[in-house]
1. Could you say which residue among A:Leu190, A:Leu156 is in a helix (DSSP H, G or I) and under 19 Å from the mean Cα position of the chain (by Cα)?
2. Which pairs have Cβ atoms under 8 Å, sit 6 or more apart or on different chains, and link a residue in the range B:17-39 that is over 25 Å from A:Ile296 (Cβ atoms) to one that is of a type in the set (Gly, Ala, Ser)?
3. Here is a list: A:His136, A:His224. Which entry is within 14 Å of chain B (Cβ to nearest Cβ) and exposed (fewer than 15 other Cβ atoms within 10 Å of the Cβ)?
4. How many of the residues making up the range B:37-66 are within 7 Å of another protein chain (Cβ to nearest Cβ), surrounded by fewer than 17 Cβ atoms within 10 Å (Cβ to Cβ) and either at positive phi or touching a Leu at 6+ places or on another chain (Cβ under 6 Å) (or both)?
5. Of the numbered conditions (1) surrounded by 21 or more Cβ atoms within 10 Å (Cβ to Cβ); (2) free of Cβ contacts under 8 Å to residues at least 60 places away in the same chain; (3) among the small types (Gly, Ala, Ser), A:Ala194 fails exactly one; give the number of that condition.
6. Can you pull out every residue in the range A:266-284 that is small (Gly, Ala, Ser) and outside any loop (DSSP other than H, G, I, E, B)?
7. Looking at A:Phe205, is it modelled with pLDDT of 95 or more, in a helix (DSSP H, G or I) and aromatic (Phe, Trp, Tyr)?
8. Please give the number of the condition B:Ala5 fails out of (1) in a helix (DSSP H, G or I); (2) more than 13 Å from the chain's Cα centre (by Cα).
Amino acid sequence: MWQSKQFTSLKEEIEAVLTCINNTDSLYRIIGDGIERAGLKCLRSSNQPWCLLPLAICEGICGRCDQAIPVAAALYFYRVAADIFDDIEDQDSSDSLSAIYGDPIAINAATTLLILAQKAINRSVDKGIPAETILHLTEVVNGYYINACRGQHLDLASYEKGVLSEEEYMDITGKKSATTAQCACHAGALIGNAKSRLVEVLTLFGYNLGMGFQIADDIDGVVHGSDIKTHKITLPVIYALTTTEGNDKKVLNQAYIEHEESPLKTSQIKDMLFRTGAIQYTILRMESYRQCAIDILRKAEQEGFNSQRLKPFLEIR
Amino acid sequence: MATGALQELVKKVFRDEKTKAEFISNPNEVISRFSLTEEEKKAVLTTHAKLGLVTSGSQQLDTVVGPMMIWH
């Protein structure tokens, strides 16, 4: 009920920000298409969409969350923009905005979304957030997204380098992916006017949650075969390449390093990743981050934080 | 977050049938042989209770991974 209500408020805020583009423009339609695609994924993939994190955090601090709606909308615009840019850079999706409208149109739509995100943050003033808090918030959000760009750069540059070590992979994941949840939690804490100690704790919570989310995505990519088909090197593959020997290693090297046509089908590589313990290991890494997040949430509770809205994200009661 | 010990544990369990059998019957005893962090220990025991050792046909996998699938 809470979630559905907040999701509606968030959608209304997004629509309100979009009114600055003439709704007869095709740009409006294309951006709407991008948001709709991201929104549909959001609704389909989970009952606990990440975009509600700033609201859940804010409410846990001060008992209400309406003042966090503008920043939640801003982070949503940033994420949609980042996804569009990512699809252009990776060229691995047939239903992306760039695949449908072409790269130039998609780049312009993503650039517009970045500007809309800035406008959305500034709308916090209408919710009574002081100008100095908005300025600080802008600095914080920019810092996270610069970090995300650093992570994306490392990821793109790694194609030349070959297989990353687990440490390098987790570093990139932390910058590129965990940033979204970490930034959402940090922003929610600032809007809720949390004390600096609680801001730190909730930001760390967001980092661990974000790492867990991304590793879950890695598992899903193997279970449903999408990452195997595109030979994407994710955590289970890094584990398998590091620990396997003999024929298993030879086949994985062919598929992921030498980029040769693999003699194995997607389902056979998937079975190998399960059989070698790669998926078990990846699940344990995901669960370790989830356990860290749970422990951190307990610390936040000791600082007076009401964690009721966050518990569903971790499947705890 | 340390990772080496967790990797060693999984490698041992999946490569050595004796360790695998011991892990299935008494995970606490097996994990005590590895220098896991507290979070890693909890992760191993929680996962063991929910899933055991996963295979590609594990029915319960979605119940563990699904709730963490919140991107997009």
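The values are calculated or read from the model by the stated rules, or taken from the named source; none is laboratory data. The model shown is predicted, which means the values in this text are computed figures rather than measured ones. Note that we place each Cβ from the backbone using ideal geometry, even for glycine, and neighbour counts take in every protein chain shown.
1. Values: A:Leu190 fails: under 19 Å from the mean Cα position of the chain (by Cα).
On inspection, the qualifying residue turns out to be A:Leu156.
2. B:Ile24/B:Gly52
3. On the way: A:His136 fails: within 14 Å of chain B (Cβ to nearest Cβ).
Step by step, each of A:His136, A:His224 is checked, and only A:His224 is within 14 Å of chain B (Cβ to nearest Cβ) and exposed (fewer than 15 other Cβ atoms within 10 Å of the Cβ).
4. 0
5. (2)
6. Within the range A:266-284, the subset small (Gly, Ala, Ser) is A:267, A:277-278.
Residues satisfying the conditions are A:Ser267, A:Ala278.
7. Values: modelled with pLDDT of 95 or more: yes; in a helix (DSSP H, G or I): yes; aromatic (Phe, Trp, Tyr): yes.
It is true that A:Phe205 is modelled with pLDDT of 95 or more, in a helix (DSSP H, G or I) and aromatic (Phe, Trp, Tyr).
8. (2)
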